[in-house]
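I have placed the structure first, in the form of structure tokens, so that the comments after it can refer back to it.
The values are calculated or read from the model by the stated rules, or taken from the named source; none is laboratory data. Keep in mind that this is a model prediction, so the values were computed, not measured. Cβ sites come from the backbone with ideal geometry, for glycine too, and all protein chains shown count toward neighbours. We work out accessible area using only protein heavy atoms, side chains counted, and drop any ligands, DNA or RNA first. Shrake-Rupley method; radii C 1.70, N 1.55, O 1.52, S 1.80 Å.
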Amino acid sequence: MSSRRSRSRQAGVSTINDAQMTELISKLQQLIPHGINQTKSSRVSASKVLQETCNYIRSLHREVDDLSEKLSELLNSTDTDSAQAAIIRSLIM
């Protein structure tokens, strides 16, 4: 047992066993739409799954930032009383 898990048990923090960890990593791997999901037939390390998950979350953050910037530019270039502005507001509210 790792020292981290031992300390967690001593501190009264709930822990999960290895089988539960394996199941959670497997579920997480299934949620990632690219990269390591292409290798489902072979076993992938938990650290690789976590690394790919972090990369995917970062890419989602970048995508949200890009879309927010585009939306901001669109709203700034649109007359606030126009029908187009009303449609945009209805979509984001």
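Among residues of region 59-80 that are within 20 Å of residue 32 (Cβ to Cβ) and touching a residue at least 40 places away in the same chain (Cβ under 8 Å), none has a beta-carbon under 9 Å from a residue that is surrounded by fewer than 10 Cβ atoms within 10 Å (Cβ to Cβ) and small (Gly, Ala, Ser) at least six positions away or on a different chain.
Scanning region 17-27 finds no residues that are at pLDDT below 90, of a type outside the set (Asp, Glu) and in a loop (DSSP other than H, G, I, E, B). In region 1-15, the qualifying residues are those that are open to solvent by 60 Å² or more (accessible area, probe 1.4 Å) and not basic (Lys, Arg), and the one that is modelled with the highest pLDDT is 14. Looking at (1) open to solvent by 80 Å² or more (accessible area, probe 1.4 Å); (2) closer than 30 Å to residue 21 by Cβ; (3) not charged (D, E, K, R), find the lone condition where residue 84 falls short. Unmet for residue 84, out of (1) open to solvent by 80 Å² or more (accessible area, probe 1.4 Å); (2) closer than 30 Å to residue 21 by Cβ; (3) not charged (D, E, K, R): (2).
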